[in-house]
Amino acid sequence: MLKACYSIRMRAAERNPELGEKHISGGERIGSKSQIEPIVKQLLNKASNHSRGDADFIQITVEKIAPDQIQYMPPLEITTVEATSIEKAHSEARKILTSLGVSEHALNVAFHQLSSNQNLRGAIILNSKTGIRLDDRGQKGVRVSRIDWQDADGDFNERVREALALASKVANSPFTIAELCWSDDPDYVTGYVSNRDIGYVRITPLKREGCESGGRAFFVSDEVELDSYIDYLESVPVLIRRD
Ligand code: AMP
């Protein structure tokens, strides 16, 4: 019999009576029963030592998942582009996304959102041609969840491991044209563009140090079936493993 698995999710925020809730950090993991405790510790540690601020609300959710529902997929290939300025890095990201079929208008929407939004918890889903935002989640966005690596992979640091797993799940949907991401952490200026053909292209620097805006944009095709796309991203358990 396959061993039971658990989805372990974390969300941390700072609650300000005047300004409302500020997103601090989130985390998505999958583990066996004996891994729950160490994973919860790692997630608590991530939430408690964060450059975006001091979390005063931390929620951890543990949910059993059926092992026969888990999909297995390989990670995208990683490449890195180092630019000499933020402008050059943006233009490199735009060039790649344009070559994948994302329209100039959709790019403008995404770059504007990621440059101006300091409190996005998940991703925005944009039609890759019209640039129209398709999800109605506001600041919450759509969070890719139930995602992890099957085995510890020592090749990358924790941040790249998490982002690569997420981008690999997103790219695996036939509705995804491409993804654009940069962090909302003030001390992390590297972002990426990704899709199933070009892989995971890290690009640096996509923003200036100290800046707290960032987020993720998923560009999708006209054929997207939005409900099933969001259900895949949020609910289908995925483990990343090398073939
Ligand atoms: P991070 O890579 O954790 O610094 O997150 C950067 C931005 O990506 C966040 O501000 C969110 O908007 C978005 N994001 C983070 N985690 C997820 C996720 N699991 N699913 C979708 N979007 C996410």
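Data overview
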| item | result |
| --- | --- |
| Unit Cα scatterers, Debye sum, region 157-210: log10 I(q)/I(0) for q = 0.26, 0.27, 0.31 Å⁻¹ | -1.01, -1.06, -1.24 |
| Entries of 3/46; 46/88; 95/129; 22/46 with Cα pairs more than 23 Å apart | 3/46; 46/88 |
| Per-residue ³J(HN,Hα) for region 9-24, Karplus 6.51 cos²θ - 1.76 cosθ + 1.60, θ = phi - 60°, Hz, x for Gly and Pro | 10, 10, 9, 10, 8, 10, 9, 10, x, 8, 8, x, 9, 9, 5, 9 |
| Spin-label model distance (nm) - residue 35 vs residue 234, 7 Å beyond Cα toward Cβ | 2.4 |
| Stretchable slack from residue 73 to residue 98, in nm (0.36 nm times residue separation minus alpha-carbon distance) | 6.4 nm |
| Hydrodynamic radius of the chain per Kirkwood, over alpha carbon pairs, in Å | 18.3 |
| Gain in span if fully extended, residue 82 to residue 223, counting 0.36 nm per residue against the direct Cα distance | 47.3 nm |
| Sequence-distant residues sharing a close amide H with residue 123 (under 5 Å, placed H) | 142, 143, 144 |
| Dipole of the chain, positive end: most advanced residue of 89, 204, 100 [Cβ charges, Cα centre] | 204 |
| Given charges at Cβ of Lys, Arg, Asp, Glu: the chain dipole, positive-most of 235, 55, 35 | 35 |
| Two-site FRET efficiency, residue 16 against residue 51, from Cβ-Cβ distance with R₀ of 25 Å, rounded to 0.05 | 0.90 |
| Sequence-distant residues sharing a close amide H with residue 220 (under 5 Å, placed H) | 126, 127, 128, 177 |
| Relative contact order (%) - criterion: Cα under 8 Å, at least six apart; region: the chain | 25 |
| Using θ = phi - 60° and Karplus 6.51 cos²θ - 1.76 cosθ + 1.60, couplings along region 86-98 (whole Hz; Gly, Pro as x) | 4, 4, 5, 5, 4, 5, 5, 4, 5, 4, 5, 5, 4 |
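Taken together, the values in this text are just the output of simple stated rules run on the coordinates, not laboratory data. Please read all numbers here as calculations on a predicted model, not as lab measurements. Cβ: placed from backbone, ideal geometry, glycine included. Neighbour counts: every protein chain shown.
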